[in-house]
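All remarks here apply to the structure that follows.
The values are calculated or read from the model by the stated rules, or taken from the named source; none is laboratory data. A quick note: this is a predicted structure, and the numbers were derived from the prediction, not measured. Heads up, the Cβs are rebuilt from the backbone with ideal geometry, glycines too, and the neighbour counts pull from every protein chain shown.
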Amino acid sequence: MSLHTLYDGSRLRIMGAKELIELPVWNGNRIMDIAHVQKIKSEVGNKVQKLDYGYRIVTCYEKDAGGNPIKVSYIIDGQHRHKVLYDYFHENLCEPDFNVVVLEKKVNSESEIITCFRELNNQKPIPWKSDPNILANGYIAELSAAFNSKKEQLIRQKSTTRPYLSADKLREALVLQVCSLTESADEIKAFVERVKEYNKRELANAGLTALGSKKNSEIIAKAAKHGFMLAVDPKLTWIKECLKAI
């Protein structure tokens, strides 16, 4: 049930706590702080009804395995309270449901989710500036801006099929290189420029690469058609290569 629509289009909604805990936490969120979860649990005890507000979600459409659009929502704020409720209802299966208040915003892409998350956390301090997911989000946002357009989203949310690149797979690969990541906007932009150069080189060599790899020739041809070679190598080894100059 919608209660109110804010200036930015976000809707104040009421939903059941049991519905809320079925929503996944966005993968670009900060790493879960288990100590914080335990602290909340000790404070509320069995009175989990106290956790009936303070949740922000984003809702968008993604494509399923058959290419059909499906509506999905993610928790972008309140993940620790969400975890407390999740554990409580899974440990106490017969406990009655209750209503919670959430703020929901509709988005169209991973970049928009990152923007929402940044705006939210500009309003309150982020306790872990070096959180790997937070660092990776900066790179994903700039890469999406460089390669995505209104006409075609080459870097897509969740799982996808090549030649498109999954933002979640991209985030996982970036986090593996966390020691080389930075918060510097200039250095991130320099990284993206190196990625664009890498993509150009791979496009120029696509014909020869396809001839030398019968196994990947089809995916290389599809990638070349879209002018986007970043998902050809499923291990995304170009990330490490393009981070070297940082």
**Report entry** Matching residues, the range 191-216, being exposed (fewer than 15 other Cβ atoms within 10 Å of the Cβ), modelled with pLDDT under 90 and part of a helix (DSSP H, G or I)
**Finding:** GLY207, LEU208, LEU211, GLY212
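Determine which member of the set TYR88, TYR74, TYR55 is in contact with an Asp or Glu (Cβ under 8 Å, 6 or more places away or on another chain), aromatic (Phe, Trp, Tyr), crowded, with 19+ Cβ neighbours inside 10 Å and touching a residue at least 24 places away in the same chain (Cβ under 8 Å).
On the way: TYR88 fails: crowded, with 19+ Cβ neighbours inside 10 Å; TYR74 fails: in contact with an Asp or Glu (Cβ under 8 Å, 6 or more places away or on another chain).
Step by step, each of TYR88, TYR74, TYR55 is checked, and only TYR55 is in contact with an Asp or Glu (Cβ under 8 Å, 6 or more places away or on another chain), aromatic (Phe, Trp, Tyr), crowded, with 19+ Cβ neighbours inside 10 Å and touching a residue at least 24 places away in the same chain (Cβ under 8 Å).
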Report task. Could you please find all residues in the range 1-51 being under 30 Å from ALA167 (Cα atoms) and among the β-branched types (Val, Ile, Thr)? Result -> THR5, ILE14, ILE21, VAL25, ILE31, ILE34, VAL37
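When the range 147-178 is examined, which residues are found to be of a type in the set (Lys, Arg) and in a helix (DSSP H, G or I)? Spell out the reasoning first.
The initial filter retains those residues of the range 147-178 that are of a type in the set (Lys, Arg), namely 150-151, 156, 158, 162, 169, 171.
Within the range 147-178, LYS169, ARG171 qualify.
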Report task. Taking only the range 106-123 into account, find how many residues are assigned to a helix (DSSP H, G or I) and of a type in the set (S, T, N, Q). Result -> 4
Query raised in the report: Hey, TRP128 hits all of (1) surrounded by 14 or more Cβ atoms within 10 Å (Cβ to Cβ); (2) of a type in the set (A, V, I, L, M, F, W, C); (3) modelled with pLDDT under 95 but one; which does it fall short on?
Result: (1)
Requested in this report: Kindly indicate which of LYS240, LYS225 is in a helix (DSSP H, G or I), in the same structural domain as PHE147 (by TED's automatic domain parsing) and farther than 18 Å from THR161 by Cα.
Outcome: LYS240
Requested in this report: Those residues that are over 25 Å from ASP131 (Cα atoms) and of a type in the set (A, V, I, L, M, F, W, C), I need them from the range 33-50; list them, please.
Outcome: VAL44, VAL48
Query raised in the report: Given the conditions (1) in the same structural domain as VAL192 (by TED's automatic domain parsing); (2) surrounded by fewer than 18 Cβ atoms within 10 Å (Cβ to Cβ), which single one is not true for PHE98?
Result: (1)
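Within the range 46-73, can you find the residues that are more than 18 Å from MET15 (Cβ to Cβ) and β-branched (Val, Ile, Thr)?
Correct list: ILE70 only.
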